[in-house]
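For reference, the structure is listed below as structure tokens.
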Amino acid sequence: MMETAQNQKKMAISGCLKGLLDQAVRLQPDGALGTVQDVTGLCVTIHGLEGLVSIGDRIAIRSRSGSLIQSEVVGFHEAHARVMAFGSLEGIGPGCEARIPLSRQSSASLGVNESWLGRVVDPLGEPMDGKGALIPALDQQPVLNSPPNAATRARLGDRIDLGVRALDAFTTCRRGQRLGLFAGSGVGKSTLLSMLARGADCDVAVIALVGERGREVREFIEDDLGPEGLARSVVVIATSDTPPLMRRDAAVSAMAIAEHFRDQGKSVLLLMDSVTRYCMALREIGLSAGEPPATRGYPPSVFADLPKLLERAGPGYPGKGMITALFTVLVEGDDHNEPVADAVRGILDGHIVLDRKIGEQGRYPAIDVLRSLSRAVPGCNSAEENRLTRQARATMATYERMADMIRLGAYKSGTEKDVDEAIRLMPQLDTFLSQGKNERSGCLDAFEQLATIMGTAA
């Protein structure tokens with residue numbers, strides 16, 4: 001029996017040595033080397049890196065033309081790594097070399113510093129604005145971070161001026177709050193974001209354009225954002241034609257940049273357009289990696305990754321800065337109860353609804369005040385300000401309830417006092433809610449104007 005035990009021990013040692021030898025053979029002076037086994041859809045299967053890589057690791061694939069294409073491990077199949085590329089798969093086939101440098105086995109990071117302000121970058125931190133290379137940073141900011149500890153992170157800060165009257169009065173926001181901006185296509189989301197980027201009271205604005213139309217990027221930066229807004233902003237762009245990994249990383253990289261400035265003690269405004277396209281990118285990645293589709297084709301990992309991203313925004317630890325975030329949600333078919341919209345609304349601290357019908361009437365920003373709310377309002381406004389907004393909401397609700405009868409001429413003046421009052425005040429409230437994209441307002445100014453309007457009530 002002793003001889004049997006010794007033989008088993010020798011066999012175990014021999015197996016371990018063989019495994020170490022196999023790994024040593026694959027290790028090169030500048031990294032670990034593998035080969036492409038097959039390409040299926042958006043996924044590439046790599047042989048030869050077993051035991052050396054894990055989910056999220058970066059791998060460089062050399063195409064037939066000799067160019068290096070960065071990719072990321074998204075899954076495994078029978079111990080072989082399955083990766084997706086940050087660029088085109090053209091020129092990649094079986095036998096192509098795949099290498100993970102020894103110095104790059106950790107998760108991705110960005111060298112963020114003050115020189116990034118006023119710049120336009122891609123999700124990998126490469127400049128896109130033709131202004132030259134970014135100044136290298138000594139410290140690297142990890143792209144994937146955990147949210148601050150819920151029990152020890154700071155509470156919401158004081159009230160913040162967003163620069164838009166309708167928002168400051170009816171969905172008042174506090175520093176560190178997270179709001180969702182829900183709208184269909186073409187209702188004015190980008191214009192409203194540009195108003196916030198220029199007019200909000202913050203130190204730094206980080207803007208993520210996820211899956212944006214390439215034609216509209218320069219228009220947004222030059223016309224909507226303008227030199228004044230760009231000067232204090234970092235813009236992260238991944239257009240609709242980029243691979244899903246780039247569109248996903250546009251969101252997480254923007255969040256990492258915002259976290260860097262937050263940890264410097266700054267008040268950061270994060271604007272992300274849109275969370276829906278981020279989820280679509282996650283769907284493409286999950287389905288390509290072999291996940292089964294679930295709710296409307298979205299695999300389960302989408303709704304696991306979504307809160308991980310959104311919870312990173314908000315207050316930092318005491319003594320640090322805060323990230324005030326607005327995430328746009330592109331509701332499919334104007335259905336505000338579709339899966340992504342429903343999930344986002346349950347995570348965030350309030351929601352702002354843009355209504356197509358209001359935009360068609362010529363009132364911009366097309367904010368539906370009655371369907372919008374901020375969960376922080378009771379704690380940041382005075383009792384008089386809360387009374388004003390309740391009174392104004394009641395007036396608008398009364399008018400909306402009777403709108404059809406008023407338009408048809410079926411309502412007779414003097415029948416109901418509150419309806420008569422609503423008819424008289426609505427033109428002034430409509431003017432109050434309308435605002436030009438180059439016009440700026442503040443909370444105090446907004447409540448003063450609202451008090452003047454509602455003070456004329458009988």
### Task
Report, by residue number, each residue of region 353-382 that is over 20 Å from I160 (Cβ atoms) and open to solvent by 40 Å² or more (accessible area, probe 1.4 Å).
R356, K357, E360, Q361, G362, Y364, L370, R371
### Summary
Per the list (1) under 20 Å from E212 (Cβ atoms); (2) in contact with a Phe, Trp or Tyr (Cβ under 8 Å, 6 or more places away or on another chain); (3) of a type outside the set (F, W, Y), residue check on A325 breaks on (2)
### Query
Does region 66-81 hold any residues that are under 13 Å from T40 (Cβ atoms) and open to solvent by less than 40 Å² (accessible area, probe 1.4 Å), and which are they?
V74, G75, H80
### Query
Does G132 fit the bill of being small (G, A, S), crowded, with 16+ Cβ neighbours inside 10 Å and assigned to a loop (DSSP other than H, G, I, E, B)?
no
### Message
Pairs needed: first member in region 436-448, hydroxyl-bearing (S, T, Y); second member anywhere, open to solvent by 10 Å² or more (accessible area, probe 1.4 Å); C-beta distance under 9 Å; at least 6 residues apart or different chains.
### Response
S441/D161; S441/R165; S441/Q435; S441/Q449
### Query
When you look at L209, is it surrounded by 24 or more Cβ atoms within 10 Å (Cβ to Cβ), hydrophobic (A, V, I, L, M, F, W, C) and within 30 Å of P378 (Cα to Cα), yes or no?
no
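Taking helices (runs of 4 or more DSSP H) that do not extend beyond region 219-321, which have at least 3 residues that are among the acidic types (D, E) and within 24 Å of L348 (Cα to Cα)? Write out each step before concluding.
On the way: elements: 226-231, 244-263, 275-288, 300-310.
Of the helices (runs of 4 or more DSSP H) lying wholly inside region 219-321, those with at least 3 residues that are among the acidic types (D, E) and within 24 Å of L348 (Cα to Cα) span 244-263.
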#### Entry: Residue count for region 426-443, restricted to those that are loosely packed, with under 12 Cβ neighbours inside 10 Å and assigned to a helix (DSSP H, G or I)
1
### Task
Within region 383-404, count every residue that is surrounded by fewer than 16 Cβ atoms within 10 Å (Cβ to Cβ) and among the aliphatic types (A, V, I, L, M).
4
### Query
Only one residue in G75, G56 is in a strand (DSSP E or B), in contact (Cβ under 8 Å) with a residue 60 or more places away in the chain and not aromatic (F, W, Y). Which one?
G75
### Options L179, L138, L167; residue that is in a loop (DSSP other than H, G, I, E, B) and aliphatic (A, V, I, L, M)
L138
### Task
Determine whether I406 is over 28 Å from V329 (Cβ atoms), assigned to a helix (DSSP H, G or I) and at pLDDT below 95.
yes
### Query
Name the residues in region 233-277 that are open to solvent by less than 10 Å² (accessible area, probe 1.4 Å), closer than 25 Å to I69 by Cβ and either hydroxyl-bearing (S, T, Y) or in contact with a Ser or Thr (Cβ under 7 Å, 6 or more places away or on another chain) (or both), would you?
V236, S253
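The values are calculated or read from the model by the stated rules, or taken from the named source; none is laboratory data. What you are looking at is a predicted structure, and each value in this text was computed from that prediction instead of being measured. Reconstructed Cβ throughout: ideal geometry from the backbone, glycine too, with neighbour counts over all protein chains shown. The protein model used for the area step is the full one, side chains on, heavy atoms only, and it has no ligands, DNA or RNA in it. Shrake-Rupley method; radii C 1.70, N 1.55, O 1.52, S 1.80 Å.
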